[in-house]
């Protein structure tokens with residue numbers, strides 16, 4: 001009988017907390033419902049965001065499983081993200097053979113952890129990860145597949161957190177939104193790509209005692225609004241949010257026109273800053289044209305926009321393109337463009353073109369044209385590429401490689417050896433100056449020439465000629 005009791009105690013761990021018996025499941029245990037002290041959120045909770053994930057409807061009740069698909073999207077890295085308030089978290093998922101599953105990475109407040117969904121059999125509702133010692137606070141969680149497991153499924157069935165904790169929902173119109181949420185990026189009203197048409201003013205938080213995003217705000221000067229007052233811009237993406245100020249003197253008919261379709265919102269209410277005024281979803285991921293105005297002729301404000309994390313405010317134009325020639329190449333450089341995926345470099349022999357592409361996959365902000373010929377003036381432009389969007393040409397920059405005078409310098413030594421070097425005339429001038437200075441008793445007793453025929457493993461080879469050993473030298477100049 002004693003042996004049986006010991007066996008039971010070995011298999012089942014009982015923790016007594018305040019007189020309540022709580023079963024503590026181990027990693028790998030089947031957990032069909034949350035234990036005492038926990039609450040469960042199914043994977044289809046609206047507070048959870050999925051990127052590069054699909055939905056699989058499982059065979060047990062009240063559950064879907066979000067996963068990263070193999071076919072079609074096998075190279076894409078899935079990402080599941082959410083925020084929660086509490087001190088602990090559990091990941092409930094599925095197991096399968098290594099041919100179908102892999103390792104999963106979970107990042108909590110920037111700290112990475114790893115667990116596996118690999119097992120000898122297929123099973124559901126398995127406790128696969130837990131973190132029990134977090135501060136009682138808001139925590140940011142991102143779950144993704146290890147990159148080395150491309151092509152393997154990653155399943156999420158549910159999340160368990162503290163019984164008195166909660167997932168933090170996505171912002172809705174009327175909420176304050178101080179920073180863009182996961183899956184979004186923000187552009188401030190001060191960005192030069194926003195066009196303000198009509199009687200607009202702008203200012204800073206310090207000037208007007210407000211709490212504006214990035215400390216700047218634009219607003220219509222007065223009510224009634226002057227005719228044809230509006231804000232215009234274009235963006236690449238599939239969703240749009242407007243962030244601004246709410247006040248009881250602002251428009252109740254705040255119109256956001258996207259590609260000719262009008263959506264009406266309100267900025268009327270108790271005085272509040274950085275509020276989510278408008279949200280438009282389910283657009284096609286492409287270039288969109290936006291106009292903002294009021295339909296009731298009452299003034300309004302504009303603080304920022306949020307769009308897709310992989311979207312972009314347009315246009316994406318290169319500025320400050322420069323072209324600098326050297327002896328054999330022309331070096332191009334330009335200012336970095338936010339949101340750029342790559343750049344296209346084009347060249348012409350006339351300022352007005354036609355421009356021909358010489359590089360179409362440049363990912364840095366510089367390029368060396370090694371095919372330029374001397375005595376030809378080349379004109380360059382650069383385009384930005386973001387998805388299907390290709391920008392207009394940048395400013396035109398031009399440069400020409402000057403014809404370079406080259407010489408063969410022959411030097412005979414007292415050993416009867418004759419050394420020969422192919423150098424520029426500048427190098428010849430330097431040699432002549434050294435020789436004359438040395439003949440007058442100044443300067444080093446030797447002159448060095450770089451040997452271009454480097455042999456492994458040497459990275460730099462120089463020849464040093466002694467002044468006293470030089471019998472004569474000859475210069476044979478020619479035009480390159």
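Checked against (1) crowded, with 17+ Cβ neighbours inside 10 Å; (2) at pLDDT 95 or above; (3) in the same structural domain as residue 223 (by TED's automatic domain parsing), residue 289 passes all but a single condition, namely (1).
Which is in a loop (DSSP other than H, G, I, E, B), surrounded by fewer than 19 Cβ atoms within 10 Å (Cβ to Cβ) and in contact with a strand residue (DSSP E or B) (Cβ under 9 Å, 6 or more places away or on another chain), of 227, 211? Lay out the reasoning, then the answer.
Working: 227 fails: in contact with a strand residue (DSSP E or B) (Cβ under 9 Å, 6 or more places away or on another chain).
Answer to the selection: 211.
Number of residues in region 204-234 that are under 29 Å from the mean Cα position of the chain (by Cα) and more than 22 Å from residue 296 (Cα to Cα): the value is 9. Going by the conditions given, is residue 394 assigned by TED's automatic domain parsing to the domain that holds residue 324, on the phi < 0 side of the Ramachandran plot, touching a strand residue (DSSP E or B) at 6+ places or on another chain (Cβ under 8 Å) and surrounded by 11 or more Cβ atoms within 10 Å (Cβ to Cβ)? In short, yes. Within region 271-286, not a single residue is within 17 Å of residue 228 (Cα to Cα) and either part of a strand (DSSP E or B) or modelled with pLDDT under 95 (or both).
Rundown of residues vs (1) modelled with pLDDT under 95; (2) under 30 Å from residue 234 (Cβ atoms); (3) not in a loop (DSSP other than H, G, I, E, B), yes/no style:
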{"residue": "383", "(1), (2), (3)": "no, yes, yes"}
{"residue": "415", "(1), (2), (3)": "yes, no, no"}
{"residue": "429", "(1), (2), (3)": "yes, no, yes"}
{"residue": "438", "(1), (2), (3)": "yes, no, yes"}
{"residue": "441", "(1), (2), (3)": "yes, no, no"}
{"residue": "460", "(1), (2), (3)": "yes, no, no"}
{"residue": "465", "(1), (2), (3)": "yes, no, yes"}
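Being surrounded by fewer than 20 Cβ atoms within 10 Å (Cβ to Cβ) and farther than 19 Å from residue 192 by Cα is a property that residue 250 lacks. If you go through region 127-142 and keep only what is at pLDDT below 90 and closer than 12 Å to residue 90 by Cα, you end up with just 128. Starting from residues that are in contact with a strand residue (DSSP E or B) (Cβ under 8 Å, 6 or more places away or on another chain) and in a loop (DSSP other than H, G, I, E, B), keep the ones in region 183-208 and report whichever is surrounded by the most Cβ atoms within 10 Å (Cβ to Cβ). Of everything passing the filter in region 183-208, 189 is surrounded by the most Cβ atoms within 10 Å (Cβ to Cβ).
This table checks each residue for (1) farther than 30 Å from residue 256 by Cβ; (2) surrounded by fewer than 16 Cβ atoms within 10 Å (Cβ to Cβ); (3) without any contact (Cβ under 8 Å) to a residue 40 or more places away in the chain.
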| position | (1), (2), (3) |
| --- | --- |
| 283 | no, no, no |
| 312 | no, no, no |
| 316 | no, no, no |
| 321 | yes, no, no |
| 353 | yes, yes, yes |
| 377 | yes, yes, yes |
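Is it true that residue 242 is at pLDDT 95 or above, surrounded by 14 or more Cβ atoms within 10 Å (Cβ to Cβ) and over 28 Å from residue 79 (Cβ atoms)? Answer is no for this residue. Do you know which residues across region 214-224 are in contact (Cβ under 8 Å) with a residue 60 or more places away in the chain and either assigned to a loop (DSSP other than H, G, I, E, B) or touching a helix residue (DSSP H, G or I) at 6+ places or on another chain (Cβ under 7 Å) (or both)? Of everything in region 214-224, those that are in contact (Cβ under 8 Å) with a residue 60 or more places away in the chain and either assigned to a loop (DSSP other than H, G, I, E, B) or touching a helix residue (DSSP H, G or I) at 6+ places or on another chain (Cβ under 7 Å) (or both) turn out to be 221, 222, 223, 224. A count restricted to region 34-47 and to residues that are under 39 Å from the mean Cα position of the chain (by Cα), part of a loop (DSSP other than H, G, I, E, B) and surrounded by fewer than 17 Cβ atoms within 10 Å (Cβ to Cβ) stands at 4.
When we screen 436, 470 for residues that are on the phi < 0 side of the Ramachandran plot and surrounded by 15 or more Cβ atoms within 10 Å (Cβ to Cβ), the only hit is 470.
Whether any residue in region 299-314 is at pLDDT 95 or above, touching a helix residue (DSSP H, G or I) at 6+ places or on another chain (Cβ under 9 Å) and assigned to a loop (DSSP other than H, G, I, E, B) is what I want to check. Yes, the conditions are met somewhere in region 299-314.
The values are calculated or read from the model by the stated rules, or taken from the named source; none is laboratory data. Quick caveat, the model's predicted, so the values are computed rather than measured. Glycine also receives a Cβ, built like all others from the backbone with ideal geometry; neighbour counts cover every protein chain displayed.
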